[in-house]
Amino acid sequence: MKTNKIYFGIGILIILLFTILISYSNNNLIQLYPENNSILTDSQPTFKWVGKADKLIIDDNDEFTSPVIENVEDNSYRINNKLNFIKYYWKLSGNKNSSVWQFRIDSVVALELKNQSNLYNITNVGTTDLDVEVIEEERSLRKITGSFILRLNETQQFNLKNKTIFIGKQR
Amino acid sequence: MKKINKFGAVLFLIILGILIIKDVNALGISPGRTTINFEPNLEKDITLTVFNSENKDFTATIFTRGELRNYVELEQTELKFSSEESQKSFNYKIKLPEKIEKPGSHRVEIVVRQISKTKEGEDIVIGALVAVVSQLDVKVPFPGKYAVAHLDILGAKENEEVKFFIRVTNLGEEDIEKAKATILIYDSSNKEVAKIESDEKAIKTKNRKELKATWKANVLGSYRAVALVNYDGLLTKVEGSFRVGDFLLKPLDISVKNFRLGQIAKFNILVENSANREIKDAVAQLLLFDENENKIMDIKSGPTEIEALSKKELLAYWDTEGVKEGTYIGKLILTYEDNSYERQIRTAVTENSIKTEIIGITAFAIAAPETESKKVPVLMLIMIILILSNIAWFIYLKNFKKSKGETKYTKIKKLEGKKEVEKAEVKLEGKKLAEEAKEKLDGEIVKKELEDLDKEKRLR
């Protein structure tokens, strides 16, 4: 009898928990990613949440005066266009609205250098277009020989005779 | 002989492999750019992350350059990476002075550069190295109240709303209490057809706000909008153009060839006529602005005809004497007959090249009105069913509990020829046994209904 009471109690508890969980997640939107006040390097993040949402709303100002509004169905969404390297605010709307979270996207400036004998391939492997300075050193003297733009994933090839430094910076 | 041939082949492959193998170096840093607002004597720590994506052993040196380099303190000037370390972070501190005279943007660069040495410890004399830069921009406010504005327009179809977004940035030292835009709309014959106002906002110093206005367009065509932004009695003006309905000229590409900074740049603006008729008087206008929204370029091509469903290059020239290298934001405005259309552009100017990309207006959409759902969720019904099931289970258990543990003993008396049942039921609970039942039924147990046979056995 005691066992029956326990079984009954557990059953009630499970139903109650299930009810609360379903009810809460249906009526409330719980944002997961990007986390509030986080810093990302991916300019096309996948937004994730729990609960039922109809729209994902993103803007670069917290008043959402000119937002990106995407219709969503599942619990995640990867935006189509790349975001800029600034702070963004985002929220969800459904039966209820979520709170407003913010995140920032930082750029990554990265260069890859591959060489075979005197031929050097320099590639932009970061997340932003680059201005690349070329500095040649000859007998302890440095001279800037030029600069060029290196877009995302672009490669330029050089035939070098002296020690050369490629300096990449965000455009 | 065979062994020698085999050995030779292996040796050849090894040598070939060595020749083919490329040496790879990679270096990265984040963030590539940080922007802060100037405050007197501000001290701020900034963290940078350096990436060793090839997982190599190497050493990098860190140094600063730029006009504010004397205000930067590096926590360390060297970073040593092992092949097991894919990234490392380091800090630097910016200590700003009491005052920087010139308003606007000031920059310092933190450079991380590979060091490569020979086995003897001497620096290499041939070869290449990479370095990456993290830029720090310090925005010094202008004296008093000073704002700049930028206008974005989202065109519309006939009888839909055209949306105007005026981005106002307060670059002054003082807060702006009220900023509001009045937008004058002109048709293609330069006749004023509408005057609308935006909302009004306060803008704190070093902040930015977006003013918004809408206009319902009744007539197809091209329009020009002039937005006058009044901020506490001061004015700034910004213009834009837009179209109501479809525009037939499509911009494809903007290019400049054989360029040297300081000389005349020839812009080739490639456009396409998407209509099945000739377009007359097609003109391309290019505007560029610097970071303080000052116009540095305003050029136009000559009017030209473009045949149906064909492409053509429109030419415009820019004298780049006095122009500095950098990246500038601007507009491309295309016009033909009475129609015009604009797109945003971004142009990078260097010593030997000008590269322009058409970026346009992105990220605008119409917000649907929010409505609350009145449907009862299906899951709510399931919840109700589960609760009812549990209640039913509870009731069933209770009844079952009552019958469990009881033993019924029934005495049935039969008469000859007739079936007469006389029932005397004895329900004994718990530990009562058959013997006790016998006593109660006068020693006669005819029918015994045991519902808890196992229990009785246990009790015995």
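A few remarks follow.
- Pairing residues of the range A:17-43 that are facing another protein chain (nearest Cβ under 10 Å) and surrounded by 15 or more Cβ atoms within 10 Å (Cβ to Cβ) with residues that are modelled with pLDDT under 90 and in a helix (DSSP H, G or I), at Cβ distances under 7 Å and at least 6 apart in sequence or on separate chains, gives A:Thr19/B:Met383; A:Ile22/B:Leu379; A:Ile22/B:Met383; A:Asn26/B:Leu379.
- Residue in the range A:54-63 that is farther than 30 Å from B:Ile203 by Cα, out of contact with any Pro (no Cβ under 7 Å at 6 or more places or on another chain) and modelled with pLDDT under 90 present: no
- Residue ID - surrounded by the fewest Cβ atoms within 10 Å (Cβ to Cβ), chosen from residues in the range B:61-71 that are out of contact with any His (no Cβ under 7 Å at 6 or more places or on another chain) and at negative phi: B:Asn70
- Residue that is nearest to B:Leu334 (Cα to Cα), among those in the range B:346-400 that are at pLDDT below 50 and among the acidic types (Asp, Glu): B:Glu370
- Qualifying residue in the range A:61-75 (condition: within 13 Å of chain B (Cβ to nearest Cβ) and in contact (Cβ under 8 Å) with a residue 40 or more places away in the chain): yes
- Considering residues of the range A:95-117 that are more than 7 Å from chain B (Cβ to nearest Cβ) and touching a Gly at 6+ places or on another chain (Cβ under 9 Å) only, the residue farthest from B:Ala26 (Cα to Cα): A:Lys96
- Filtering the range B:237-254 to residues that are of a type in the set (A, V, I, L, M, F, W, C) and either outside any strand (DSSP E or B) or within 24 Å of B:Lys312 (Cβ to Cβ) (or both) leaves B:Phe242, B:Phe247, B:Leu248, B:Leu249, B:Leu252, B:Ile254.
- Residue in the range B:160-173 that is modelled with the lowest pLDDT, counting only those that are touching a strand residue (DSSP E or B) at 6+ places or on another chain (Cβ under 7 Å) and within 29 Å of B:Asn218 (Cβ to Cβ): B:Glu161
- Residues in the range B:72-109 that are crowded, with 18+ Cβ neighbours inside 10 Å and touching a helix residue (DSSP H, G or I) at 6+ places or on another chain (Cβ under 9 Å) were compared, and the one that is farthest from A:Phe166 (Cα to Cα) is B:Leu96.
- Within the range A:154-166, if we keep just the residues that are within 26 Å of B:Val108 (Cβ to Cβ) and at pLDDT 90 or above, the residue that is surrounded by the most Cβ atoms within 10 Å (Cβ to Cβ) turns out to be A:Phe166.
- For A:Val68, the stated conditions hold: it is in contact with a Ser or Thr (Cβ under 9 Å, 6 or more places away or on another chain), under 22 Å from A:Glu35 (Cβ atoms) and at pLDDT below 90.
- Set side by side, the residues B:Glu239, B:Glu307 differ, and just one is exposed (fewer than 13 other Cβ atoms within 10 Å of the Cβ), more than 17 Å from B:Val349 (Cβ to Cβ) and of a type outside the set (A, V, I, L, M), which is B:Glu307.
- Meets criteria (hydrophobic (A, V, I, L, M, F, W, C), closer than 30 Å to A:Thr164 by Cβ and at pLDDT 95 or above) for B:Leu136: yes
- The set of residues from the range A:53-91 being of a type in the set (Ser, Thr, Tyr) and surrounded by 14 or more Cβ atoms within 10 Å (Cβ to Cβ) comprises A:Thr65, A:Ser66, A:Tyr77, A:Tyr88, A:Tyr89.
- Any pair with Cβ under 8 angstrom, 6 or more apart, that starts in the range B:247-270 at a residue that is under 22 Å from B:Ser340 (Cβ atoms) and at pLDDT 90 or above and ends at one that is of a type in the set (D, E, K, R) and not in a strand (DSSP E or B): B:Asn268/B:Lys257
- Strands (runs of 3 or more DSSP E) wholly inside the range B:14-116 that include at least 2 residues being more than 14 Å from every other protein chain (Cβ to nearest Cβ) and among the aliphatic types (A, V, I, L, M): B:72-74
- Filter pass, A:Lys169 being more than 9 Å from chain B (Cβ to nearest Cβ), surrounded by 13 or more Cβ atoms within 10 Å (Cβ to Cβ) and basic (Lys, Arg): no
- Any hit, the range B:165-172, residues being within 22 Å of B:Asn292 (Cα to Cα) and more than 14 Å from chain A (Cβ to nearest Cβ): yes
The values are calculated or read from the model by the stated rules, or taken from the named source; none is laboratory data. From a predicted model like this one, the values you see are computed outputs, not experimental measurements. Reconstructed Cβ throughout: ideal geometry from the backbone, glycine too, with neighbour counts over all protein chains shown.
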